[in-house]
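See structure below.
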Amino acid sequence: MRWRGNRKSSNVEDRRSMRVSGVGGGGGGGMIRLLPMVFKFLGLKGTVILVACVGGYGLMTGNLGNMLSMLGGQQATSTSVSQVPIQEDTAEKELVYFVSVILADTEETWNTLFQSKGKTYQEPTLVLFRDSVKSACGMAQSAMGPFYCPGDQQVYIDLGFYDQLKNRYKAPGDFAQAYVIAHEVGHHIQTLEGTSRKVHAARSKLGKVEGNKLSVLQELQADCLAGVWTNHANNTRQLLEVGDIEEGLTAASAIGDDTLQKQSQGHVSPDSFTHGSSEQRVKWFKVGLESGDMDSCDTFKNHKL
């Protein structure tokens, strides 16, 4: 990607120096590190929510509001926050720079597209953290991976996730990393457009299987919106280089529900899908990429919300 030297976003909040204790079980690290183990995080209003990996695998790059709506909990322990010096190597400094530039590029695209529809785009904040973090959706651990919280309209990421994406799931490259940010920003678009609210309301009236289907459609739409950003970033600012699209497609495929289930439990359970199959994720990313039109990302076309 041709990103070096481009504008950095001012909407990045660095909380890597903050350490939260009393969050409950589960270790730190990237989203995939604990697969297929069970991990914990603190939920809304001081609730500890035990997340059993659905079908034996973890939750991928998701909307924390959706995740919380699927879970139950028990009373939480108290938490405390302390400050520690930020220790980062050259590679991590480069990643901080990188995600700041990618976030700025998504701002360019979505400000332009919203203006074309007579709307004003409200830019999200990207929060960098390590191990665990407090959001308006509650406390979350790195094991959840990158996520978006509709309560504060912020994207959260522990940069250690990218090591897992590259090394364990064989999806290396800077565009694969950018796709993750663009997907989470896609969830922000859904919040601004009212889609997330409608999905949450609809899922509350459905059983688990049907509710999971709506969750899949929401995740696939976020993939499509990531493709829309890619289209505009390249056509307007020539951000992409040879091989970048393939990196994005590899990342989309690597975190498909069926691929993860096969790796963790040896078989596929479609009724437990929450993010979509590898084929679906690749398909909808391509839809947005080829059209460059957010209206093409109507994954809910045959489902009334």
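The values are calculated or read from the model by the stated rules, or taken from the named source; none is laboratory data. What you see is a predicted model, and the numbers here were worked out from it, not measured in a lab. Cβ: placed from backbone, ideal geometry, glycine included. Neighbour counts: every protein chain shown.
For a quick check of your reading of the model, give me the residue pairs whose first member lies in segment 205-232 and is touching a residue at least 40 places away in the same chain (Cβ under 8 Å), whose second is assigned to a helix (DSSP H, G or I) and among the acidic types (Asp, Glu), with beta-carbon atoms closer than 6 Å and at least 6 apart or on different chains. If the second residue must be assigned to a helix (DSSP H, G or I) and among the acidic types (Asp, Glu), the pairs left are VAL209/ASP271. Among the residues of segment 98-147, the ones that are farther than 22 Å from ASP293 by Cα and touching a residue at least 24 places away in the same chain (Cβ under 8 Å) come to 26 in all.
This table checks each residue for (1) of a type in the set (A, V, I, L, M); (2) outside any loop (DSSP other than H, G, I, E, B).
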site: THR106; (1), (2): no, yes
site: ASN111; (1), (2): no, yes
site: VAL127; (1), (2): yes, yes
site: ALA143; (1), (2): yes, yes
site: LEU159; (1), (2): yes, no
site: PRO172; (1), (2): no, no
site: ALA178; (1), (2): yes, yes
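Filtered by the rule that a residue be at pLDDT below 70 and assigned to a helix (DSSP H, G or I), segment 226-270 gives ASP257, ASP258, THR259, LEU260, GLN261, LYS262, GLN263, SER264, GLN265, PRO270. Those residues that are modelled with pLDDT under 85 and assigned to a strand (DSSP E or B), I need them from segment 12-28; list them, please. Correct list: MET18, ARG19, VAL20, SER21.
Taken together, the criteria place GLN218 among residues that are at pLDDT 90 or above, farther than 14 Å from ALA252 by Cα and surrounded by 21 or more Cβ atoms within 10 Å (Cβ to Cβ). When residues in segment 100-132 are screened for being at positive phi and modelled with pLDDT under 95, 1 of them pass. Looking across segment 195-207, the residues that are assigned to a helix (DSSP H, G or I), surrounded by 12 or more Cβ atoms within 10 Å (Cβ to Cβ) and not hydroxyl-bearing (Ser, Thr, Tyr) come down to ARG197, LYS198, VAL199, HIS200, ALA202, ARG203. Candidates in segment 221-244 are the residues that are more than 20 Å from GLN280 (Cα to Cα) and among the polar types (S, T, N, Q); of these, the one that is surrounded by the most Cβ atoms within 10 Å (Cβ to Cβ) is ASN234.
Can you spot a residue in segment 133-156 that is charged (D, E, K, R), within 22 Å of ALA91 (Cα to Cα) and either in contact with a strand residue (DSSP E or B) (Cβ under 8 Å, 6 or more places away or on another chain) or modelled with pLDDT of 95 or more (or both)? No. Suppose the filter is part of a loop (DSSP other than H, G, I, E, B) and either in contact (Cβ under 8 Å) with a residue 12 or more places away in the chain or buried (at least 22 other Cβ atoms within 10 Å of the Cβ) (or both); does LEU192 pass it? Criteria not met by LEU192.
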